[in-house]
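Notes follow once the structure below has been shown.
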Amino acid sequence: MSGNPTLWAIFAAIIVVMLALDLGLFGKRNREMSLREALIRSGIWISIAALFNGGVYLWLGEQAGLEFTAAYLLEEALSVDNLFVFVLIFTAFRVAPAHQHRVLFWGILGAVILRGIFIGVGVALVSRFHWVMIGFGLLLLYTAYKLFRGGDEDEEFNPDKNIAFRSFRRLVRSVPDFHGSKFFVRIDGKSYATPLLAVLVLVETSDVLFALDSIPAVFGVSNNPFVVYTSNIFAILGLRSMYFLLAGVMHKFRFLKTGLAVILAFIGGKMVLEAYVHVSIGLSLGFIAVVLAGSIIASLLIPAKDEAPLSTIGGAESLSKTRAMDFAPPRSQIPKKGGKRDEKSSEDEGSSKDIREQGKSP
């Protein structure tokens, strides 16, 4: 059973209302989200997901309820690795803390749509070709191997080596400076993209790459399209608040990637050997929970020597090792000085100047 109309309606209503509140009420305030606010919002999203999980349990049965719990926990855990990438992107571009919320909102909204497409394609493939599950399992085993091999290394995001960013610079007419929280600015009657739009594109593409691992992993604990999609969406909608809650302390969870590798190897092996070995959802859920808890506890009890945070939440306050991002587009795209700007873009110039000056500070 893939859900019922009542549950789909409840799910859709929750998502629409929460996104509308976020965009209409919270989205108008261009300020940094405080730790207290991030904690409250994260608690709200987790509570809503837990209540919805209860509804799944009551309407669809114990199996579906446990599958939702396992899928949600798995997606939340894998999301931490995605948060690490967000920190690197914001640091490289020196995005002001007040504008990171806006980028994450639109990035996650795009992810909701793309996840629906990916999951729909995945369900169609799995239902028609059983060997696809084996392919997903092998992909997860390879991902686990990569995490085992390089899970403890520090990474640095270099936009110049990113295909999406290089394509953006080549194809999109843009300006080198931030203009407040705007993605576009009009100069001499023409629209130009700001660096904030480039950041949004990178956040979106990073989520697409992340989904290539996370969605097959979720199929490893449930084949129910309703459970797979709703657990995925609830997890990523709380991702933004989790970012502001954990961005400054993610470096402390040094064993988390190892734990994720163990979980992905377990799920991948289960998918490959499904025809020969049956692993109950209760055992899978218990394994995921124990490994996650163990990796977090081990990280806190055995901290790395001379550990230093990757960055603070504010890109402008990043470590001195991080180089400033040279966003400058091709010279032919840069508007000539002295051109008349639209009134709104002139009002944002002071804000852009403050951000650039903040980015130069050590």
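The values are calculated or read from the model by the stated rules, or taken from the named source; none is laboratory data. Not measured: the values here are computed from a predicted model. Quick reminder, even Gly has a Cβ in these numbers, built from the backbone with ideal geometry, and neighbours come from all protein chains shown.
Conditions (1) more than 16 Å from ALA77 (Cβ to Cβ); (2) of a type in the set (A, V, I, L, M, F, W, C), marked per residue:
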| position | (1), (2) |
| --- | --- |
| SER206 | yes, no |
| THR230 | yes, no |
| PHE234 | no, yes |
| VAL249 | no, yes |
| ARG254 | no, no |
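Report yes if SER174 is polar (S, T, N, Q), at pLDDT below 90 and under 20 Å from the mean Cα position of the chain (by Cα), otherwise no.
Details: polar (S, T, N, Q): yes; at pLDDT below 90: yes; under 20 Å from the mean Cα position of the chain (by Cα): no.
Taking the combined requirement at face value, the residue does not satisfy it.
Quickly run through region 191-211 and pick out the residues that are among the aliphatic types (A, V, I, L, M) and without any contact (Cβ under 8 Å) to a residue 60 or more places away in the chain.
We begin by selecting, within region 191-211, every residue among the aliphatic types (A, V, I, L, M); these are 193, 196-203, 208-209, 211.
Within region 191-211, ALA193, LEU197, VAL201, LEU209 qualify.
So how many residues does region 170-182 have that are farther than 21 Å from TYR243 by Cβ, in a loop (DSSP other than H, G, I, E, B) and not hydrophobic (A, V, I, L, M, F, W, C)?
Initially, region 170-182 is screened for residues farther than 21 Å from TYR243 by Cβ, giving 170-177, 179, 182.
Next, only the ones that are in a loop (DSSP other than H, G, I, E, B) stay: 172-173, 175-177, 179, 182.
From what is left, the residues that are not hydrophobic (A, V, I, L, M, F, W, C) are 173, 176-177, 179, 182.
Matching residues across region 170-182 total 5.
Suppose we filter VAL203, VAL185 for residues that are β-branched (Val, Ile, Thr), assigned to a strand (DSSP E or B), in contact with a Phe, Trp or Tyr (Cβ under 9 Å, 6 or more places away or on another chain) and farther than 22 Å from VAL272 by Cβ; which single one remains? Working first, answer last.
Values: VAL203 fails: assigned to a strand (DSSP E or B).
Only one candidate qualifies: VAL185.
Find the residue count for region 271-328, including only residues that are at pLDDT below 75, part of a helix (DSSP H, G or I) and either within 22 Å of SER79 (Cβ to Cβ) or in contact with a helix residue (DSSP H, G or I) (Cβ under 6 Å, 6 or more places away or on another chain) (or both). Steps first, answer last, please.
Just the residues of region 271-328 that are at pLDDT below 75, to begin with: 304-328.
Those still in the list that are part of a helix (DSSP H, G or I) too: 315-317.
Now narrow it down to the ones that are either within 22 Å of SER79 (Cβ to Cβ) or in contact with a helix residue (DSSP H, G or I) (Cβ under 6 Å, 6 or more places away or on another chain) (or both): 315-316.
Residues meeting the conditions: 2.
Output the residues belonging to region 102-152 that are of a type in the set (A, V, I, L, M) and in contact with a Pro (Cβ under 7 Å, 6 or more places away or on another chain).
Just the residues of region 102-152 that are of a type in the set (A, V, I, L, M), to begin with: 103-104, 108-109, 111-114, 117, 119, 121, 123-126, 132-134, 138-141, 144, 147.
Those that are of a type in the set (A, V, I, L, M) and in contact with a Pro (Cβ under 7 Å, 6 or more places away or on another chain): ILE119, VAL123, LEU139, LEU140.
Return the residue satisfying two criteria in turn: it lies in region 1-58 and is of a type in the set (S, T, N, Q) and at pLDDT below 90, and of such residues it is nearest to ILE236 (Cα to Cα).
In the first step, residues of region 1-58 are kept if they are of a type in the set (S, T, N, Q); the result is 2, 4, 6, 30, 34, 42, 47, 53.
Next cut, at pLDDT below 90 only: 2, 4, 6, 30, 34, 42.
Values: SER2: 21, ASN4: 22, THR6: 22, ASN30: 22, SER34: 20, SER42: 11 Å.
Among those that are of a type in the set (S, T, N, Q) and at pLDDT below 90, it is SER42.
Give the number of residues within region 81-110 that are closer than 30 Å to VAL272 by Cα and touching a Leu at 6+ places or on another chain (Cβ under 8 Å). Reasoning before the result, please.
Initial filter on region 81-110 (closer than 30 Å to VAL272 by Cα): 81-85.
Retained after the next criterion (residues that are touching a Leu at 6+ places or on another chain (Cβ under 8 Å)): 81-84.
Looking only at that region, the number is 4.
Please go through region 214-225 and give me each residue that is surrounded by 22 or more Cβ atoms within 10 Å (Cβ to Cβ) and assigned to a helix (DSSP H, G or I), ordered by number.
SER214, PRO216, ALA217, VAL218, PHE219
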